[in-house]
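The values are calculated or read from the model by the stated rules, or taken from the named source; none is laboratory data. It should be emphasised that the depicted structure is a prediction, and the values quoted were computed from it without experimental measurement. Neighbour counts run over all protein chains shown; Cβ positions are idealised from the backbone, glycine included.
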Amino acid sequence: MASGELIVKGGFIIDPTRKIDGDVGDIAIKDGKIVEKVSSSAKVIDAKGKIVMAGGVDVHSHVAGPKVNAGRLFRPEDKLFKSPMGQKGYRMESGFSIPSVFKTGYDYARMGYSFVMEAAMPPLLAPHTHEEIHDTPIIDEGALPVFGNNWFVLEYIKNNEIENTAAYIAWLLKTTKGYGVKIVNPGGTAAWAWGLNCLSLNDQVPYFEITPGEIIKGLMEANEYLGLPHSIHVHQNNLGNPGNYPDTIESLKLAEGVKAKNKFGREQVLHSTHLQFHSYGGDGWGTFCSKAKEVMDYVNKQKNITIDLGCVTLDETTTMTADGPFEHHLHGLNHLKWTNVDVEMETAAGIVPYIYSKDVLPNAIQWATGLELALFAKDMNRTFITTDHPNAGPFTRYPRVIKWLMSKNAREATLATMKNTDKVINATYIHGIDRELTLYEIAQMTRSGPAKCLGLSNIYGGLSPGLDGSVAVFDLNYKNMPKDPEKIESAFLRAACFIKSGEVVVKDGEVTGHGHKKTVWVNVKMPENPQVTRDVSEAFNKGTYTVNISNYPVREYLAPHPFVIDVDVEA
Amino acid sequence: MATVTLKPTKVPELMLEGYSIIPDAFAGKTPAQIAALPAHEGKIHVTLGDFFEVSGSAGDTAADTDIVIDGDCTRVKYIGSKMTAGTVTVNGNADMYVGGWMKGGKIHVKGNVHSFCGIAMEGGEILIDGKAENHVGCAYRGDWRGMKGGTIRIRGSAGNDIGTFMLGGTIIIENDAFIHVSTHAEGGTVVIKGDVEGRVGGQMVKGDIYVLGKIKFMMPGFKKVDQIEKEIDGVKATFDHYIGDLGERHPKSKGKEIYANLYLKAA
C-alpha cells in the first residue's frame with residue numbers, strides 16, 4: 001500500500017457499482033484507497049479522452065501451484081522464442097500458455113487486473129501454491145482448495161453430516177490459507193483412482209457410494225452454513241463431451257430454492273465455471289454443436305447462480321485440470337504428451353498440450369459457444385470473462401475475447417477465415433447474433449460482477465471511496481470508439497496506466513513498479529468440532545497421508561503479505 | 001552472388017550466440033552494418049564486430065548472399081539458424097544449433113559441429129564434413145514437431161538422439177551413430193552408414209530408417225517381415241525389412257495399419 005496522493009483526471013469513468021457509464025470525472029486516491037478528494041499537491045494522471053475502470057478481477061485462472069508448474073516443466077517448447085531477454089530491474093519473463101510467475105504478474109498488471117483467483121489448489125500441495133503466489137508480482141491473489149473428491153468430505157456427505165463437512169472446510173481453509181470451496185468433477189476424480197469416472201449426476205462414486213449430485217448439494221449446504229464470502233465454485237461432470245448440456249443444466253438446478261447466506265454481499269449459491277466446456281449438443285463429434293442458448297435460457301432465469309465463460313481463443317495452449325479422467329480422454333484424442341498425478345486422499349490432476357485450430361470443426365464450434373454464452377446473457381453482473389487459463393486459451397487473450405464480444409465485425413472476420421465456415425454457422429448461433437457488448441457490460445463482466453461473486457465487492461470491482469485504490473486507464477475514447485476492432489484488443493492488452501493499491505505500476509503498457517501484492521484468504525472462526533479434529537488427526541496418525549500433520553499447513557512465512565477475511569460462525 | 005567474409009578476431013570467453021550470422025540478416029547491409037548486428041555473450045549484449053572482422057559485400061536478398069567464416073567457430077552457436085536462403089560456409093568447427101529451424105539455403109561446415117545441428121529444420125541442406133555430437137535433426141526439447149524437411153549429411157559419426165520426433169526430410173550419417181535413432185518419428189528418412197549401438201526406432205510411428213552397418217542391440221518392438229533389394233544414397237544392397245514399433249499406436253490407411261520401416265543390411 002502506498003502513501004501519497006494521486007488523482008486520475010478527466011477520463012470517461014465506467015463504474016457499474018455506481019451505475020456510472022462514461023461520465024467524465026476524476027478519481028482520487030490516498031494511502032492506497034479511493035477517496036472523495038485529495039489535496040492540490042496530488043500527483044496527476046491525465047486520463048483525458050481515455051476510459052477509467054476499477055482494477056480487473058479474475059474469478060478463475062490456473063496461475064500457481066503444482067500442476068501449473070508441472071506444465072511449465074513439461075512444456076519447454078512453450079517458452080521457445082516466446083521469452084524476451086531479461087531487462088534490468090525486472091524478473092525474467094518466459095512462456096506463453098503457462099507463463100512464469102513473473103510474467104503472470106506483469107501481464108495481468110499490463111491488462112489492468114488487480115485480483116486473480118487461482119482456481120484449483122490441492123490442499124496437500126498448498127505450500128507450493130502459496131510460494132508461487134508470493135512470487136507473482138503486483139497482483140493480489142487467492143486460491144480455492146479442491147473439495148469435491150476429498151475423502152473426508154465424501155464420508156461426511158455420505159453420512160449426511162453437513163455440520164462436520166462445514167467444520168472440515170473451515171479447518172482446511174485455515175490450514176491451507178484458502179479462499180473458498182472448489183469442486184472439480186465431483187466424484188469423478190475420486191473414481192479416477194479406480195480408473196473410472198462419473199459422467200452424470202447420478203453415477204455412483206466407487207467405494208463411497210454417493211453421487212456427484214449429493215456431493216454438490218452437500219458442499220453447497222455446508223458453504224452456506226459457514227456463510228463464506230464465495231459460493232461453491234463448480235467444474236461440473238462430463239466436461240468437454242458432445243451432448244453434455246443436459247447434465248450441465250441438471251447440476252445448475254441443484255441451486256434451485258437455495259438462498260445465499262453471508263455478510264459479503266454475495267447473492268449466488270453456485271458459481272458454474274468455464275461453462276463453454278459444458279454447453280455442447282450432439283451425440284458425437286460428427287454432430288457436435290453449441291447449446292449455449294439452451295444453457296443460458298436456464299442461467300438467465302435462475303438468479304442465484306453465476307457463470308464464467310471459459311472462451312476458446314484458438315491458440316496452442318496447455319490443458320491442466322484436477323479432472324484427471326478428462327485429461328486421459330483428451331490424450332486419447334490428440335495423442336500428445338500426457339502427465340497425471342494422484343494427490344493422496346484429496347484430488348488428482350492431468351496435463352495435455354492442446355492446439356485449438358480455427359480449421360478444426362469442433363474447435364471452431366467451441367470458440368463460438370464461449371462467445372455465445374456472453375451474448376445470450378441477460379445479467380452481465382453474473383457472467384464473467386475467463387478462458388479457464390490456460391485450458392481454453394491463455395489469460396493474455398482476454399482483450400481478444402473482449403474484442404469479439406464488442407464487435408460483430410471482429411467475430412465475422414474470424415468466422416470467415418475458418419476452413420468450415422458454413423458448417424460452423426450451422427452448428428452454432430453466433431452468425432445470427434448481432435449483439436455487441438458495451439464498455440459498461442465489459443466492466444460488469446471483468447470488475448463489478450466477479451468482485452461481487454467472490455464476496456470482495458467491499459475491496460475490488462468499483463471506484464467508490466473506501467475501495468482499494470486500483471484504477472486502470474485504457475486508451476479508448478468512450479465518445480468515439482475506434483472503427484477497427486483490433487484497437488479494442490490492443491487498448492485492453494496494454495493499459496495506458498494502471499494504479500495498483502495506490503501505486504502506479506504500469507505506464508503506457510509497460511511495467512514500472514513491482515507493487516505490493518497481497519494474498520487473500522478466509523479464516524472461519526467457529527467452535528472446535530471434536531469429531532473432525534479426531535478424524536483429521538487419526539488420518540495423519542495412521543499414515544493415510546504421506547506427510548506428518550505438522551508439515552501439512554501453509555506456514556506464515558509462505559504467505560508473508562496476507563489479507564485475512566474473518567468469517568464468524570455462531571455455535 | 002555476393003560474399004561476406006567473417007574472420008574471427010577473438011575467442012569468446014563464454015559461448016557466443018551468433019544468431020545474426022545468417023544470410024537473411026546480412027542481406028542489403030554494408031560490412032559496417034553487419035559488424036553492428038547484435039549477438040549475446042552470456043547475458044551481455046555484444047555485436048558481431050566485437051568478434052569478427054567483416055569484409056566483402058552482401059547481396060540484396062538472402063538468396064544472393066553467401067557467408068564465409070574463415071576460421072574456427074568452436075564457441076559460436078546458432079550459425080545459420082532460421083535462415084531461409086543463401087549459403088553459409090564455415091572453414092572450421094562450429095558449436096551448437098548450426099542450421100536450427102532452418103527453412104532454406106545451404107550450410108557447409110568443414111570441421112565438426114556440436115549438438116542440435118539442424119534441430120526442427122524445415123528445409124534446405126546442411127553438410128558437415130566432420131562429426132556431429134548429439135541431437136542431429138531432432139525436435140526442440142519437449143516439442144513433438146521435429147524436423148519437417150531438408151537434408152542433413154554428416155560425413156563423420158554422430159552421437160545420440162538423431163531425428164527425434166522427425167516428420168519429414170532426410171538425415172544421412174556416413175559413419176557410426178550411438179543410441180536413439182528416430183525416436184517417436186512420424187515420417188522422414190534416416191540413413192546410418194556405419195554401426196549403431198541400439199534403441200533404433202523406439203516408439204516410432206511412421207518413417208524409414210536404413211542401417212548399412214550393424215545394430216548392436218535391436219529394439220524388441222520391431223519384427224522382421226521380409227528381405228528386399230534396395231538402393232539408398234548410392235548404395236545397393238539386400239536389406240532385412242523390419243516393421244515397428246509394435247508397442248506404439250499406428251495410423252490406419254484403407255483399413256491397414258501403417259508401420260515404420262527399418263531396413264538393416266543383411267549379413
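Go through the stretch A:325-347 and give me each residue that's within 14 Å of another protein chain (Cβ to nearest Cβ) and part of a loop (DSSP other than H, G, I, E, B). Working first, answer last.
Residues of the stretch A:325-347 within 14 Å of another protein chain (Cβ to nearest Cβ): A:331-339.
Within the stretch A:325-347, A:His335, A:Leu336, A:Lys337, A:Trp338 meet the criteria.
Listed residues B:Ile69, B:Ile34, B:Ile22, B:Ile44; which is away from chain A (no Cβ under 14 Å) and closer than 19 Å to A:Phe81 by Cα?
Sole residue among the options that is away from chain A (no Cβ under 14 Å) and closer than 19 Å to A:Phe81 by Cα: B:Ile22.
List pairs: first in the stretch A:104-130 and on the phi > 0 side of the Ramachandran plot, second among the aliphatic types (A, V, I, L, M), Cβ under 6 Å, 6+ apart or cross-chain?
These pairs meet every condition: A:Gly112/A:Ala472; A:Gly112/A:Ala495.
Considering every residue within the stretch A:420-428, establish whether at least one is out of contact with any strand residue (DSSP E or B) (no Cβ under 9 Å at 6 or more places or on another chain) and within 18 Å of A:Phe115 (Cα to Cα).
no
Can you tell me which residue within the stretch A:55-69, out of those that are within 19 Å of A:Arg397 (Cβ to Cβ) and touching a Leu at 6+ places or on another chain (Cβ under 9 Å), is farthest from the other protein chains (Cβ to nearest Cβ)?
That would be A:Val57.
If only one of A:Ala368, A:Ala410, A:Ala392, A:Ala374 is outside any helix (DSSP H, G or I) and of a type in the set (Gly, Ala, Ser), which one is it?
Values: A:Ala368 fails: outside any helix (DSSP H, G or I); A:Ala410 fails: outside any helix (DSSP H, G or I); A:Ala374 fails: outside any helix (DSSP H, G or I).
Criteria check complete, one pass: A:Ala392.
Among the listed residues B:Lys265, B:Lys223, B:Lys216, identify the single one that is over 26 Å from the mean Cα position of the chain (by Cα) and either away from chain A (no Cβ under 14 Å) or of a type in the set (Phe, Trp, Tyr) (or both).
One residue alone meets the criteria, B:Lys223.
Inside the stretch A:288-338, can you point out the residues that are of a type in the set (S, T, N, Q) and either touching a residue at least 60 places away in the same chain (Cβ under 8 Å) or under 20 Å from A:Ile249 (Cα atoms) (or both)? Even if it seems obvious, please write down each step before you answer.
Step one: of the stretch A:288-338, the residues of a type in the set (S, T, N, Q) are A:290, A:300, A:302, A:304, A:306, A:313, A:317-319, A:321, A:334.
Within the stretch A:288-338, A:Ser290, A:Asn300, A:Gln302, A:Asn304, A:Thr306, A:Thr313, A:Thr317, A:Thr318, A:Thr319, A:Thr321 qualify.
Out of the residues in the stretch B:131-149 that are surrounded by fewer than 24 Cβ atoms within 10 Å (Cβ to Cβ) and out of contact with any helix residue (DSSP H, G or I) (no Cβ under 9 Å at 6 or more places or on another chain), which is nearest to the other protein chains (Cβ to nearest Cβ)?
Once the filter is applied, the top-ranked residue is B:Lys148.
Report yes if A:Val554 is modelled with pLDDT under 95, part of a loop (DSSP other than H, G, I, E, B) and among the hydrophobic types (A, V, I, L, M, F, W, C), otherwise no.
Details: modelled with pLDDT under 95: no; part of a loop (DSSP other than H, G, I, E, B): yes; among the hydrophobic types (A, V, I, L, M, F, W, C): yes.
Answer is no for this residue.
Scan the stretch A:282-294 and give yes if some residue there is buried (at least 18 other Cβ atoms within 10 Å of the Cβ), under 22 Å from the mean Cα position of the chain (by Cα) and either within 14 Å of chain B (Cβ to nearest Cβ) or in a helix (DSSP H, G or I) (or both), otherwise no.
Checked against the condition, which is being buried (at least 18 other Cβ atoms within 10 Å of the Cβ), under 22 Å from the mean Cα position of the chain (by Cα) and either within 14 Å of chain B (Cβ to nearest Cβ) or in a helix (DSSP H, G or I) (or both), the stretch A:282-294 yields at least one hit.
Go through the stretch B:78-94 and report how many residues are of a type outside the set (Ser, Thr, Tyr) and crowded, with 24+ Cβ neighbours inside 10 Å.
Count: 7.
Tell me the residue from A:Asp359, A:Asp297, A:Asp308, A:Asp315 that is more than 14 Å from every other protein chain (Cβ to nearest Cβ), of a type in the set (D, E, K, R) and under 21 Å from A:Asp422 (Cβ atoms), please.
From the options A:Asp359, A:Asp297, A:Asp308, A:Asp315, the qualifying one is A:Asp359.
Just name the residue that is surrounded by the most Cβ atoms within 10 Å (Cβ to Cβ) out of those in the stretch B:226-258 that are touching a Gly at 6+ places or on another chain (Cβ under 6 Å) and part of a loop (DSSP other than H, G, I, E, B).
Among residues in the stretch B:226-258 that are touching a Gly at 6+ places or on another chain (Cβ under 6 Å) and part of a loop (DSSP other than H, G, I, E, B), the one surrounded by the most Cβ atoms within 10 Å (Cβ to Cβ) is B:Asp245.
If only one of A:Ile98, A:Ile20, A:Ile27 is modelled with pLDDT of 95 or more, β-branched (Val, Ile, Thr) and under 30 Å from A:Glu132 (Cα atoms), which one is it?
Values: A:Ile20 fails: under 30 Å from A:Glu132 (Cα atoms); A:Ile27 fails: under 30 Å from A:Glu132 (Cα atoms).
It is A:Ile98.
Filter the stretch A:510-526 down to residues that are over 23 Å from A:Ile34 (Cβ atoms) and either over 23 Å from the mean Cα position of the chain (by Cα) or among the hydroxyl-bearing types (Ser, Thr, Tyr) (or both), then give me how many there are. So that I can check it myself, show each step before the final result.
At the first step, the residues of the stretch A:510-526 found to be over 23 Å from A:Ile34 (Cβ atoms) are A:510, A:521-526.
Pick out the ones that are also either over 23 Å from the mean Cα position of the chain (by Cα) or among the hydroxyl-bearing types (Ser, Thr, Tyr) (or both) and you get A:510, A:525-526.
Within the stretch A:510-526, residues that are over 23 Å from A:Ile34 (Cβ atoms) and either over 23 Å from the mean Cα position of the chain (by Cα) or among the hydroxyl-bearing types (Ser, Thr, Tyr) (or both) number 3.
Per-residue answers, yes or no, for (1) in contact with a helix residue (DSSP H, G or I) (Cβ under 8 Å, 6 or more places away or on another chain); (2) of a type outside the set (Phe, Trp, Tyr); (3) crowded, with 19+ Cβ neighbours inside 10 Å:
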site	(1), (2), (3)
A:Leu196	yes, yes, no
A:Ser200	yes, yes, no
A:Pro206	yes, yes, no
A:Glu209	yes, yes, no
A:Glu214	yes, yes, yes
A:Lys217	yes, yes, yes
A:Tyr225	yes, no, no
A:Ser231	yes, yes, yes
A:Val234	yes, yes, yes
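Before we move on, is A:Asn304 in contact with a Lys or Arg (Cβ under 8 Å, 6 or more places away or on another chain), closer than 18 Å to A:Val234 by Cβ and surrounded by fewer than 24 Cβ atoms within 10 Å (Cβ to Cβ)? Steps first, please.
On the way: in contact with a Lys or Arg (Cβ under 8 Å, 6 or more places away or on another chain): yes; closer than 18 Å to A:Val234 by Cβ: yes; surrounded by fewer than 24 Cβ atoms within 10 Å (Cβ to Cβ): yes.
Here the answer is yes, as A:Asn304 does meet what is asked.
Among what's in the stretch A:210-263 and is of a type in the set (D, E, K, R) and in a helix (DSSP H, G or I), pick the residue that is farthest from A:Glu161 (Cα to Cα).
Top of the filtered list is A:Asp247.
Suppose we filter B:Phe26, B:Phe51 for residues that are touching a Pro at 6+ places or on another chain (Cβ under 9 Å) and modelled with pLDDT of 95 or more; which single one remains?
Every option except B:Phe51 fails the conditions.
In this structure, does B:Ala32 turn out to be more than 24 Å from the chain's Cα centre (by Cα), among the hydrophobic types (A, V, I, L, M, F, W, C) and either over 28 Å from B:Lys148 (Cβ atoms) or surrounded by 24 or more Cβ atoms within 10 Å (Cβ to Cβ) (or both)?
Judged against the criteria, B:Ala32 is a match.
Could you give me the residue pairs with C-beta distances under 7 Å whose first residue belongs to the stretch A:472-489 and is without any contact (Cβ under 8 Å) to a residue 24 or more places away in the chain, whose second residue is part of a helix (DSSP H, G or I) and among the β-branched types (Val, Ile, Thr) wherever it lies, and which are 6+ apart or on separate chains?
Hits for this filter: A:Pro482/A:Ile488.
Only one of (1) over 30 Å from A:Ile307 (Cα atoms); (2) out of contact with any Gly (no Cβ under 7 Å at 6 or more places or on another chain); (3) within 14 Å of chain B (Cβ to nearest Cβ) is not met by A:Val35, so which one is it?
A:Val35 satisfies all of (1) over 30 Å from A:Ile307 (Cα atoms); (2) out of contact with any Gly (no Cβ under 7 Å at 6 or more places or on another chain); (3) within 14 Å of chain B (Cβ to nearest Cβ) except (3).
Looking at A:Gly148, A:Gly142, A:Gly112, which one is within 23 Å of A:Ala451 (Cβ to Cβ) and touching a helix residue (DSSP H, G or I) at 6+ places or on another chain (Cβ under 8 Å)?
Matching residue, one of A:Gly148, A:Gly142, A:Gly112: A:Gly112.
Kindly establish whether B:Lys193 is surrounded by fewer than 23 Cβ atoms within 10 Å (Cβ to Cβ), under 18 Å from B:Gly137 (Cα atoms), touching a residue at least 12 places away in the same chain (Cβ under 8 Å) and among the basic types (Lys, Arg).
When the stated conditions are applied, B:Lys193 passes them.
Output the residues belonging to the stretch B:49-79 that are assigned to a loop (DSSP other than H, G, I, E, B) and farther than 19 Å from B:Pro31 by Cβ.
Answer for the stretch B:49-79, where residues must be assigned to a loop (DSSP other than H, G, I, E, B) and farther than 19 Å from B:Pro31 by Cβ: B:Asp72, B:Thr74, B:Arg75, B:Tyr78.
Assuming A:Leu456 fulfils every condition listed in (1) assigned to a loop (DSSP other than H, G, I, E, B); (2) more than 18 Å from the chain's Cα centre (by Cα); (3) among the aliphatic types (A, V, I, L, M) apart from one, which condition is it?
(2)
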